[in-house]
Amino acid sequence: MDHSRVPVLEALQEFRRRGDVVFGPPGHRQGRGADPRVAEILGIDVFRSDVLSLNGLDDRRQSQGVLEQAQELMADAVGAEHAFFSTCGSSLSVKTAMLSVAGPGEKLLLSRNAHKAVIAAVIINGVEPVWVHPKYDAERHLAHPPEADDVRDRLREHPDAKGMLLVTPTDWGTCADIRAVADACHAFDVPLIVDEAWGAHLPFHPDLPVWGMDAGADLVVTSVHKMGGAIEQSSVFHLQHDRVSPTVLEQREDLLGTTSASSLVYATLDGWRRQMVEQGRDLLDDAWHRAERIRARLREMPGLRVMGGEIIDEGLAAEYDPLKIVVDVRELGISGMQAAEWLRANRHVDVGGSDSCRMSASITHSDDDETEKVLLDAVGSLVEHADSIERRPAVHLPAPHVLELEQAVLPRDAFFGPAEQVPAEQAVGRIAAEMISPYPPGVPVVAPGEVITSEVLDYLRSGVAHGFLISDAADPALETVRVTARP
């Protein structure tokens, strides 16, 4: 296929060349009505490029197939049979993918270290989750992707399960053996969905972890805004084999997605695909070498423990994304959250993620010598000033088995059923009616329908005292907890 073509961008360029005057949405009329104070910050071209897909980029009656052409090029670029653009982010895409495989009341295997969007999908879709617990790293207090044997065991226990959703890479860059998990699923003739939100770059360089489509996954969801070059909320479904129907996927997406898709998202997805096909290997090669250089420099700094390939050697993960710089800062006497806050306040550097132990920075094809220097100088300054950072109450980190809570009620039933707000101390032994997710990274410690234990509650409340942000609980301070009402 001709990957120099960018159908969406070409249609947008032609729309602007024609100078069409639109009497439908968007109401700003391609910037004519935009507040100049807003345009001064965003740029007027943002508004000029904000166009409806139908009766704008394409004609409702005389369709030129602009979006379809762009999606075909994307599928060809990454080795998929089909690709579908989404403008609502992978939080919606993963819900659609799950609903395409299992419907209300049906079983679906799920990585328990999944993002809250996956748990939200369980609630919305009404599926019965069969949790596959991750491989816990007690020393680092990290959850790595589950192994194929664990998936195989759960499928034997639940032969009526409709498929599996695997999260890889994790927020911290550790990756599953996708091919082995796919083989386990296909032995039971069920599809494997891969939530590869952090892996949009993987198809374009051979030294990066294996790409889900290449490893036999049936349906892969990527967030191109995370490690790629498209704007926020840009997401793509990739599909192959015949275990998930493309028609079913399109209809489920139509059920959940927007009818006012953003041309800005479509255009940047289209342009990023062209860039990666034409230049991706060289760009990512530069990023790979840059990340290795940064990792080596950080390892020279006292008090830092930098994660890397040893994860594979220790048998904790099949692969590791080298573009993720993950730094444990506990030897500095602070948490990853404190480190991230200090860097933002004092050096105007925003790292990608943080938790009670570590912080992470993603290196992409967009980085250069200047951003490399900024990051290294900022972290060096953090190390130098760590003693001056105020000590906060310690987080009571739990043993791995403590996080494996009993699922007593279906998440949907617990979330939508009668509930009450009780003092935290009285929530022990009760069934949660809400998600409780320290954010970032946004993995629920407690999901609706799970039995709350004193150990988990102690962990969460000590985290709040330290500085956890609990964005989804009814009471973010966790002085009270929402639980199912007693009969």
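The values are calculated or read from the model by the stated rules, or taken from the named source; none is laboratory data. In this text the structure is predicted, and so the values were computed from the model without any measurement. All Cβ positions, even for glycine, are placed from backbone atoms using ideal geometry, and neighbour counts span all protein chains on display. Protein only, heavy atoms only, side chains kept; ligands, DNA and RNA dropped before computing areas. Shrake-Rupley method; radii C 1.70, N 1.55, O 1.52, S 1.80 Å.
Scanning region 206-226 for residues that are of a type in the set (A, V, I, L, M) and within 15 Å of Asp195 (Cβ to Cβ), we see that the one that is surrounded by the fewest Cβ atoms within 10 Å (Cβ to Cβ) is Ala215. Residues in region 434-466 that are over 11 Å from Lys116 (Cβ atoms), out of contact with any Asp or Glu (no Cβ under 8 Å at 6 or more places or on another chain) and small (Gly, Ala, Ser): Ser454, Ser462, Gly463, Ala465. The single condition among (1) open to solvent by 10 Å² or more (accessible area, probe 1.4 Å); (2) within 22 Å of Ser234 (Cα to Cα) that Ala97 does not meet is (1).
What do you reckon, is Glu331 surrounded by fewer than 21 Cβ atoms within 10 Å (Cβ to Cβ) and in contact (Cβ under 8 Å) with a residue 40 or more places away in the chain? Show your work before the answer.
On the way: surrounded by fewer than 21 Cβ atoms within 10 Å (Cβ to Cβ): yes; in contact (Cβ under 8 Å) with a residue 40 or more places away in the chain: no.
When the stated conditions are applied, Glu331 does not pass them.
Select, from Val446, Val483, Val402, the only residue that is over 25 Å from the mean Cα position of the chain (by Cα) and either surrounded by 13 or more Cβ atoms within 10 Å (Cβ to Cβ) or closer than 26 Å to Ser111 by Cβ (or both). Give the derivation first.
Values: Val446 fails: over 25 Å from the mean Cα position of the chain (by Cα); Val402 fails: over 25 Å from the mean Cα position of the chain (by Cα).
Residue meeting the stated conditions: Val483.
In region 6-58, the residue that is farthest from the chain's Cα centre (by Cα) out of those that are of a type in the set (Lys, Arg) and in a helix (DSSP H, G or I) is Arg18. Are any of the residues in region 419-430 open to solvent by less than 80 Å² (accessible area, probe 1.4 Å), out of contact with any Lys or Arg (no Cβ under 9 Å at 6 or more places or on another chain) and aliphatic (A, V, I, L, M)? Yes, region 419-430 contains a residue that is open to solvent by less than 80 Å² (accessible area, probe 1.4 Å), out of contact with any Lys or Arg (no Cβ under 9 Å at 6 or more places or on another chain) and aliphatic (A, V, I, L, M).
The numbered conditions (1) under 30 Å from Ala399 (Cβ atoms); (2) open to solvent by less than 10 Å² (accessible area, probe 1.4 Å); (3) under 20 Å from the mean Cα position of the chain (by Cα) are all true for Ala83 except (1). Just to be sure before I move on: is Ser63 more than 26 Å from the chain's Cα centre (by Cα) and modelled with pLDDT under 95 in the structure I sent? So Ser63 passes the test. Being touching a residue at least 60 places away in the same chain (Cβ under 8 Å), open to solvent by 70 Å² or more (accessible area, probe 1.4 Å) and not hydroxyl-bearing (Ser, Thr, Tyr) is true of His396. Taking every residue in region 400-427 that is under 13 Å from Pro448 (Cβ atoms) and part of a strand (DSSP E or B) and pairing it with any residue that is of a type in the set (Lys, Arg) and open to solvent by 60 Å² or more (accessible area, probe 1.4 Å), at least 6 positions away or on another chain, the pairs with Cβ-Cβ distances below 8 Å are Ala419/Arg482. Selection over region 100-134 of residues that are open to solvent by 60 Å² or more (accessible area, probe 1.4 Å) and at pLDDT below 95 gives a count of 2.
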